[in-house]
1. Inside the range B:87-106, can you point out the residues that are under 16 Å from the mean Cα position of the chain (by Cα), surrounded by 19 or more Cβ atoms within 10 Å (Cβ to Cβ) and either on the phi > 0 side of the Ramachandran plot or not charged (D, E, K, R) (or both)?
2. All but one of (1) out of contact with any Ser or Thr (no Cβ under 7 Å at 6 or more places or on another chain); (2) under 27 Å from residue B:60 (Cβ atoms); (3) in a helix (DSSP H, G or I) hold for residue A:132; state the number of the condition that does not hold.
3. Checking the structure you have, find out if any residue of the range A:23-31 is farther than 18 Å from residue A:94 by Cα, within 14 Å of chain B (Cβ to nearest Cβ) and among the polar types (S, T, N, Q).
4. State all residues of the range A:95-119 that are surrounded by 18 or more Cβ atoms within 10 Å (Cβ to Cβ) and assigned to a helix (DSSP H, G or I); if no residue qualifies, say none.
5. Just the residues that are closer than 27 Å to residue A:117 by Cβ and part of a loop (DSSP other than H, G, I, E, B), please, taken from the range A:31-79.
6. Hey, any hits in the range B:22-32 for a residue that's within 14 Å of chain A (Cβ to nearest Cβ), farther than 23 Å from residue A:26 by Cβ and modelled with pLDDT under 95?
7. Just one of (1) over 25 Å from residue B:3 (Cα atoms); (2) in a helix (DSSP H, G or I) trips up residue B:145, so point out which.
8. Give the residues of the range B:50-80 that are over 16 Å from residue A:50 (Cα atoms) and of a type in the set (Ser, Thr, Tyr), sorted by residue number.
Amino acid sequence: MTTAIPESILHPASLVNELKKNDVSHVVWLPDSETNFLYHMMMEEPTLDLVPVCREGETMAVAAGLWVGGAKPVVLIQNTGVFEAGDSIRGLCLDLNQPLVMLVGYRGWTRRGPTPDSAGRFIEHILHAWGINYYLVETDEDADRISVAFEECERLSRPVAVLIGTEFGS
Amino acid sequence: MIPSHEVARAINYHRDDALVVSTSAALRDWHQVSQRRDLDIDLTDCMDRAPAVGLGLSLAQPNRRILVLDCDATLRTDLASLATIGEAAPSNFVHFVLEDADHTSTDGVPIRGLDKVDFEGVARSAGYAHACRFDNLEELLIGMEDIMRRPGPILVAVKVVPDSESARFPERTMADGWAEVRRALAADI
């Protein structure tokens, strides 16, 4: 007989609290199928302005404009969007030394077993290729890694990624 | 048809303390006439992202006018940005699109099927508050006052003949220019 172990989950509130703790002003994002709970919580948070875009490449450029204008944005996209935004990450984040935290939904991530989704297989290799450091967040207990990412991106003046390796719980 | 450097001069005359994002051929004309380079955000890379950079600026600096000097060749590679800006509806945002009658960016070759994109129509349907077109310098000079006064987002399509082919991009690097703007805005607080 096996005992069911309650699985740790990541609540949207944990992420929103991290954004508030780090004085984030804007969330530039392209919603996906896994961010519904998060969307409603961010909408209710008066300190955060949401900026939706049509294509992920725009997120880096909107964030760059916000940053040069004195605001403190984050981008929130899926890993597939990182692939789409590649040239903007190069030209507007890395080459401009933009201290940007990129919150990236880790589609295809499986802690156990095979990873058939190429989005999951390639993302860490792509981040390594660009020299972008990253932290994995799967549960509420991991959420403080987001603050570590903020500290690092500001200290080094470069983008740092946070890979969200789970769906948000309600 | 309007010489492109005359468009830059007309915008500069009405600029006041607006932040200006310029890219591609528009940047080559602009940096030669601008008198506030400390408020100019140059895009010599990722040129199709000028509208999105302008949107971010408009949200961070809501009390300043944001002027984006874009080109047809760069805008048509990211038409979705018009929908993003229409949805955000920044009232301080003016988007100039210089339509190059000579297709110099493609060595004189019109891109089949993309040569007749109606930027005004796309902007209107995407939610821009106003869109207009000029192909005569005198009308542009008269119209500029109204453009700078209206609530945005506004798209202004201008049919130009480029005369900056011999002009170079600014010597200032993109990173140095952006750092200069950040310093200027921080000092202005």
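1. B:90, B:92, B:93, B:94, B:95, B:96, B:97, B:98
2. (3)
3. yes
4. A:119
5. Scanning the range A:31-79 gives A:31, A:32, A:33, A:34, A:35, A:53, A:54, A:55.
6. Taking every residue of the range B:22-32 in turn, at least one turns out to be within 14 Å of chain A (Cβ to nearest Cβ), farther than 23 Å from residue A:26 by Cβ and modelled with pLDDT under 95.
7. Only one criterion in (1) over 25 Å from residue B:3 (Cα atoms); (2) in a helix (DSSP H, G or I) is unmet by residue B:145, namely (1).
8. Residues satisfying the conditions are B:74, B:77.
The values are calculated or read from the model by the stated rules, or taken from the named source; none is laboratory data. Fair warning: this is a prediction, and the values are worked out from it, not measured in the lab. Counting neighbours? That spans all protein chains shown, and the Cβs are built from the backbone with ideal geometry, glycine included.
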